[in-house]
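First the structure, in the form of structure tokens, and then the observations on it.
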Amino acid sequence: MSNRLRRLPVVLSGVLGALLCASGPSALAGSHVATTAAPDAARPVIVTGVPATVRRTARQLSATDGFHRLPVIHGYAADLTSAQVRDLTGQGLHVTADARVSVSDADWGSGSHDAAAVYPTVDGAPSAWASGLDGHGVGVAVIDTGISTSGDLAGRVIDGYDFSGEGSATTDSFGHGTFVAGTIAGSGAASGHAIEGVAPGVDLISLKVAGANGSSDVIRVITAIQWAVNHAAKDNIRVLNLSLGTDSTQSWRIDPLDAAVEGAWRSGMVVTVAAGNGGAAGISKPGDDPYVVTVGATDDATTPTTSDDTVAPFSSTGPTATGVAKPDLVAPGAHVVSSRAPGSTVDNQFPAARIDPSYFRGSGTSFSAPQVAGAAALLLQQRPDLTNNQVKALLVGTASALPGVPATAQGAGELDINALIAAPTGGSANQGLGRSDGSGSAVGSEGSLVAAGSPSSGDSVAWNSSAWNSSAWSSSAWNSAAWNSSAWNSSAWNSSAWNSSAWNSTAWNSTAWNAGGWASASFWSTAWN
């Protein structure tokens, strides 16, 4: 699927600078079709609504060019004409088009003082290392610009997929994803362990959604999230990091990117998301979602102590537009040193940010979030039976509050791995945030699907409620031609990858496929029909 998708950029929030949202609305609102194309021209849209109607129309349109199911958000995408759009909206479905967002004015390594790689010490990671914890065996999926498997990241990527069309998930022609991955799992080999990631023993999964220009699209990110959910058991993906976002202002209750990260959360993953670099302008999406762990940035003053730490001025502050308290916590994000991707876009554009052949420096909440992802991996290695909500509760509950800083800027405080690994397992986060998945199954407080008919752990918000038919789906965010490309007919679908032994391995014949979970009422419910 990697070679046909066109690029509709999402904002990579790991760098300082303005996040520019391109264009005003030119979307499909109900049966109102944008005037940017001929009325009968097919163009990419997303269809959501009442599940039974979505399923019926999906069967009818499955042969349509560009058709693609999006189960993680209970909808589908297709290239449709205005007549088809009118037909679907007449059936009560909501049809929306795409719009562009982009990264602008990236600022790598031009801070007020020299960068330093003290963040693992500031985080408290050495105490975990001393107790034998390095994240070994825990899978961390990174949705970003790819991970270059050289230098300190050699041997760290165990799986992945390239959704960008460049051809390889283990090359990073932009440079952002490699930097992010280094803060999680850099081995420190090139620096005598002076520059090391928080959890250098984890297994990385590279889900590449952007190429050399750092641009991607919301649908591609959602598809990468779906890939992570589908491969979670195979790769033991317990943590998903998204150091990216958009500046869309629509409610988390109706936004498709929020819906997708919630889908990953429901599958049991800890989802860490950058808060954004907009300061008082607010939290970027999907960091505005109450389920995920949203991470802001501190300035550690390049010292290993925490007494001089402050919240970085660029770190986005809360609450969100819908009143959700964010960020959840903060971690070092200013003047960070991590893995360099030689020859990448940022490497060529910002040569002053280079630190010897293997390292680079930069600032942003993009580099704070993966530190929390690494901390979660350390905790899950120590206590593999923890649920994602228990992990979130521990991360937030053990954070160290910065004196004199409002919660709207720091959340619960700064990441403290010393306290994290010493704390007893206690409460569970996200209580009372149940939301119906649209099929009658409720999202329980432990981040997993409860069988159909079981009570929800709180007041749920129906996926098929009027919220899904609101004008927010017709925002400019969906107005792109990404789905009108040749990507879905590429040879990737016919490649030997689909005929590999993996499809015939014992994994597909394991008891997991015969477990009661697959025979439960939720699996055979009308949602699947």
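The values are calculated or read from the model by the stated rules, or taken from the named source; none is laboratory data. Please read all numbers here as calculations on a predicted model, not as lab measurements. Virtual Cβ from ideal backbone geometry, glycine too; neighbours counted across all protein chains shown. With ligands, DNA and RNA removed, areas are computed over all heavy atoms of the protein, side chains included. Shrake-Rupley method; radii C 1.70, N 1.55, O 1.52, S 1.80 Å.
Yes/no per residue for (1) more than 18 Å from residue 395 (Cα to Cα); (2) open to solvent by less than 10 Å² (accessible area, probe 1.4 Å); (3) among the small types (Gly, Ala, Ser):
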| site | (1), (2), (3) |
| --- | --- |
| 201 | yes, yes, yes |
| 204 | yes, yes, no |
| 218 | yes, no, no |
| 224 | yes, yes, yes |
| 230 | yes, no, no |
| 248 | yes, no, yes |
| 261 | yes, yes, no |
| 265 | no, yes, no |
| 271 | no, yes, no |
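The set of residues from the stretch 191-230 being among the aromatic types (Phe, Trp, Tyr) and over 20 Å from residue 165 (Cα atoms) is empty. The residues listed here are 318, 296; of these, the one that is more than 20 Å from residue 186 (Cβ to Cβ) and touching a strand residue (DSSP E or B) at 6+ places or on another chain (Cβ under 6 Å) is 296.
A residue that is buried (at least 24 other Cβ atoms within 10 Å of the Cβ) and among the acidic types (Asp, Glu) occurs nowhere in the stretch 128-137.
Annotation: residue 174 fulfils all but one of (1) open to solvent by 20 Å² or more (accessible area, probe 1.4 Å); (2) under 16 Å from the mean Cα position of the chain (by Cα); (3) closer than 17 Å to residue 361 by Cα; the unmet one is (2).
May I ask you to list the residues in the stretch 319-340 that are free of Cβ contacts under 8 Å to residues at least 40 places away in the same chain and surrounded by fewer than 24 Cβ atoms within 10 Å (Cβ to Cβ)? Walk me through it before giving the result.
Of all residues in the stretch 319-340, those free of Cβ contacts under 8 Å to residues at least 40 places away in the same chain come to 323, 333.
Correct list: 323 only.
Each residue in the stretch 41-91 was checked for being of a type in the set (Gly, Ala, Ser), free of Cβ contacts under 8 Å to residues at least 60 places away in the same chain and more than 21 Å from residue 218 (Cβ to Cβ), and 6 of them qualify. Just for the stretch 341-390: of the residues that are of a type in the set (Lys, Arg) and under 20 Å from residue 214 (Cα atoms), which one is least open to solvent (accessible area, probe 1.4 Å)? Filtering first and then ranking leaves 361.
Name the helices (runs of 4 or more DSSP H) wholly within the stretch 338-437 that hold at least 3 residues that are small (Gly, Ala, Ser)?
369-382
Listed by position, the helices (runs of 4 or more DSSP H) contained in the stretch 215-328 that have at least 3 residues being more than 15 Å from the chain's Cα centre (by Cα) are 232-235. When the test is whether a residue is touching a His at 6+ places or on another chain (Cβ under 8 Å) and modelled with pLDDT under 85, residue 114 passes it.
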